[in-house]
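The values are calculated or read from the model by the stated rules, or taken from the named source; none is laboratory data. None of these values were measured; they are calculated from a predicted model. For neighbour counting, all protein chains shown are included, and Cβ atoms are generated from backbone atoms with ideal geometry for every residue, glycine included.
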Number of protein chains: 2
Amino acid sequence: MSFDILQKKIIEKRNPTIAGLDARVEYVPPHILKESIARYGETLQAGAEAIYTFNCGLIDALCDVVPAVKPQSAYYENLGWRGMELLERTIQYAKSKGLYVVADIKRGDIGTTATAYSEAWLGRSVVGSTALPVFDADCVTLNGYMGADAIRPFLKDCERYDKCVIVLVRTSNQSAVELQDKLCGEKHIYEVMGELTQDWAGDSVGAYGYSRIGAVTGATYPEQIKTLRAQLPHTFFLVPGYGAQGGTAEDVQYAFDARGCGAIVNSSRGIMCAWQKTGKDGLDYQEAARAAAIAMREDICRFVNFA
Amino acid sequence: MSFDILQKKIIEKRNPTIAGLDARVEYVPPHILKESIARYGETLQAGAEAIYTFNCGLIDALCDVVPAVKPQSAYYENLGWRGMELLERTIQYAKSKGLYVVADIKRGDIGTTATAYSEAWLGRSVVGSTALPVFDADCVTLNGYMGADAIRPFLKDCERYDKCVIVLVRTSNQSAVELQDKLCGEKHIYEVMGELTQDWAGDSVGAYGYSRIGAVTGATYPEQIKTLRAQLPHTFFLVPGYGAQGGTAEDVQYAFDARGCGAIVNSSRGIMCAWQKTGKDGLDYQEAARAAAIAMREDICRFVNFA
């Protein structure tokens with residue numbers, strides 16, 4: 001029906017944070033990369049295998065702390081098909097450890113093209129008479145610039161396989177203002193997008209009051225989160241921008257409802273690259289990531305009370 | 001500097017059209033798919049190999065007629081990493097036949113994520129001390145909803161490797177109106193996006209007067225193409241929506257400048273699936289695609305005069 005699966009995991013772990021798996025080759029601890037290059041040379045395969053080892057180590061270290069992970073497709077496409085194969089394996093491994101997987105793909109295309117994306121990321125692809133899962137994430141991020149045509153084709157697979165989508169509404173980056181903050185009559189473009197998101201979702205909501213279509217609302221603009229939370233009571237929020245981009249726990253608190261539900265806050269480099277700050281050359285990358293994830297949980301939970 | 005490479009190919013072939021390579025498994029002629037399934041079973045690999053055979057056949061049949069092809073990433077992701085591997089091979093094959101390749105990926109993300117996409121699609125990925133080409137297309141489509149942060153990181157690779165990008169401005173689909181046609185003061189959102197596109201490109205233009213950042217302007221809204229052509233004199237246009245979506249040669253003529261330059265018109269299913277209308281079960285898919293591409297060229301060139 002909705003974001004219930006994710007919300008339950010958040011409450012179980014009392015942790016509304018999602019760990020990004022945005023593995024650039026240079027984020028991989030040197031000992032892992034070195035071993036992979038020794039084996040495969042300086043190739044895309046070496047990059048992919050190193051990142052897979054790193055990802056699995058991170059997932060092992062985080063899976064009892066965080067409810068969800070968010071691999072960013074760019075970092076996998078960056079290594080070509082070998083990166084995509086590594087992404088398939090990463091998603092499967094994360095799911096096997098009980099984590100909810102949001103594939104951060106920000107796709108936005110229409111009609112049969114949107115259907116093809118939906119089959120790839122949430123549904124099944126058909127060859128002959130066989131329907132085959134492909135990346136099979138639990139949720140994807142989407143871009144709604146092209147309107148409903150870019151979102152609706154995903155809703156069929158959402159219904160069929162109990163999945164969700166999250167649409168970019170107000171992003172956390174500096175140049176978001178160039179388009180998203182322009183006024184359309186009385187409303188900012190991001191508010192127009194927020195309302196469209198709600199319209200596309202229709203009336204059906206899950207046990208926690210949220211529909212199947214969430215929204216990205218950046219942590220760096222707390223006033224806007226507050227406005228959007230009030231305008232979109234049934235829209236689950238994915239909140240990027242905490243930490244590295246300057247968003248604080250105080251800022252993100254407005255994304256949550258009174259019961260502490262309705263939002264999840266992302267951290268990518270803050271957790272993944274925590275090893276770069278401990279002076280141990282990444283040998284402690286698992287402990288460092290786990291400690292960073294726990295610190296983030298404690299920080300955010302100062303402002304979020306699970307009823 | 002710009003779209004010169006593509007514009008030259010267009011003029012050489014006297015054909016401002018680009019053939020989509022949007023191969024869903026069901027678009028593959030039955031004899032090709034059957035053979036692939038006989039070999040690999042009903043698997044993603046069978047789908048990928050069938051599409052690769054189909055794509056190569058199309059490229060062979062079209063490479064002296066059209067200047068460019070446009071693979072749509074959705075249809076390759078649809079088959080997982082095997083589809084992405086097929087996409088890498090397809091891009092290489094098309095380039096080996098002298099075709100300009102626009103990867104229709106419509107990505108839109110920021111900062112290091114945008115850099116990762118740019119490396120993947122236009123530039124090089126670095127493993128150890130080796131810079132490796134990945135998908136290595138000539139041009140990609142992008143989504144500018146997040147502002148300059150989503151576009152600028154690509155411009156470095158554009159400079160370094162003489163590549164281009166094309167940003168969604170006014171798309172050809174029905175629900176484009178939901179956001180793109182809303183008014184911001186005196187201007188529609190698509191006009192605001194068009195102006196941003198021009199700003200991001202800066203002042204440098206190539207021999208034909210066009211910058212490195214193009215715009216998608218749908219054929220289904222000729223009045224808007226006319227407006228945008230006047231507003232954006234240095235922006236190269238990619239025009240989808242001809243044929244299947246209802247755009248005609250008369251509609252698309254406004255995308256071109258007085259010398260017949262500055263635009264390219266897409267057709268995907270009209271060419272790729274032409275075999276479905278000849279009653280020969282796809283055995284003639286190459287002849288059918290070639291005939292459709294020539295008919296499209298003749299149709300559009302009724303209104304476009306190359307100076």
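Per-structure values
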quantity	calculated
Subset of the range B:163-187 (residues that are within 24 Å of residue B:262 (Cα to Cα) and β-branched (Val, Ile, Thr))	B:165, B:166, B:167, B:169, B:171
Selection count where residues are touching an Asp or Glu at 6+ places or on another chain (Cβ under 7 Å) and assigned to a loop (DSSP other than H, G, I, E, B), scope the range B:221-232	0
Residue in the range A:108-125 that is in a helix (DSSP H, G or I) and either closer than 26 Å to residue A:294 by Cβ or of a type in the set (Phe, Trp, Tyr) (or both) present	yes
Which numbered condition residue A:266 misses (of (1) touching a Lys or Arg at 6+ places or on another chain (Cβ under 7 Å); (2) over 21 Å from residue A:66 (Cα atoms); (3) not aliphatic (A, V, I, L, M))	(2)
Which numbered condition residue B:105 fails, given (1) buried (at least 23 other Cβ atoms within 10 Å of the Cβ); (2) assigned to a helix (DSSP H, G or I)	(2)
Residues of the range B:77-91 satisfying the condition of being touching a residue at least 40 places away in the same chain (Cβ under 8 Å) and more than 9 Å from every other protein chain (Cβ to nearest Cβ)	B:90, B:91
Per-region count, the range A:108-122, residues surrounded by fewer than 24 Cβ atoms within 10 Å (Cβ to Cβ) and either at the interface with chain B (Cβ under 8 Å from one of its Cβ atoms) or within 20 Å of the chain's Cα centre (by Cα) (or both)	3
Conditions (1) at pLDDT 95 or above; (2) within 19 Å of residue A:8 (Cβ to Cβ): number failed by residue A:279	(2)
In the range A:133-143, the residues that are within 7 Å of chain B (Cβ to nearest Cβ) and touching a residue at least 40 places away in the same chain (Cβ under 8 Å)	A:134, A:135
Residue in the range A:84-96 that is of a type outside the set (A, V, I, L, M, F, W, C) and over 21 Å from the mean Cα position of the chain (by Cα) present	no
Residue in the range B:289-305 that is at positive phi and at pLDDT 95 or above present	no
Contacts under 6 angstrom Cβ, first residue in the range A:28-53 being more than 9 Å from chain B (Cβ to nearest Cβ), partner among the polar types (S, T, N, Q), 6 or more apart	A:32/A:53; A:49/A:36
Residues of the range A:63-74 classified as surrounded by 24 or more Cβ atoms within 10 Å (Cβ to Cβ), more than 14 Å from chain B (Cβ to nearest Cβ) and farther than 15 Å from residue A:137 by Cα, total	1
Residue satisfying condition, being under 24 Å from residue B:267 (Cα atoms) and either surrounded by fewer than 17 Cβ atoms within 10 Å (Cβ to Cβ) or away from every other protein chain (no Cβ under 12 Å) (or both), within set B:218, B:214	B:214
Any chance residue B:67 is in contact with a Leu (Cβ under 8 Å, 6 or more places away or on another chain) and more than 20 Å from residue B:2 (Cα to Cα)	no
Within the range B:8-26, considering residues that are surrounded by fewer than 22 Cβ atoms within 10 Å (Cβ to Cβ) and part of a helix (DSSP H, G or I), the one nearest to the other protein chains (Cβ to nearest Cβ)	B:26
Residue within the range A:90-104 that is at pLDDT 95 or above, of a type in the set (Gly, Ala, Ser), farther than 22 Å from residue A:283 by Cβ and in contact with a strand residue (DSSP E or B) (Cβ under 6 Å, 6 or more places away or on another chain) present	yes
Residue check for residue B:146: outside any helix (DSSP H, G or I) and more than 17 Å from the chain's Cα centre (by Cα)	yes
Tally, over the range B:183-198, of residues that are crowded, with 22+ Cβ neighbours inside 10 Å, in contact (Cβ under 8 Å) with a residue 40 or more places away in the chain and not aliphatic (A, V, I, L, M)	2
Breaking point among (1) charged (D, E, K, R); (2) part of a strand (DSSP E or B); (3) without any contact (Cβ under 8 Å) to a residue 40 or more places away in the chain, for residue B:70	(3)
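Okay, residues lined up against (1) of a type in the set (D, E, K, R); (2) buried (at least 24 other Cβ atoms within 10 Å of the Cβ); (3) facing chain A (nearest Cβ under 7 Å):
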| position | (1), (2), (3) |
| --- | --- |
| B:131 | no, no, no |
| B:149 | yes, no, yes |
| B:157 | yes, no, no |
| B:165 | no, yes, no |
| B:174 | no, no, yes |
| B:181 | yes, no, no |
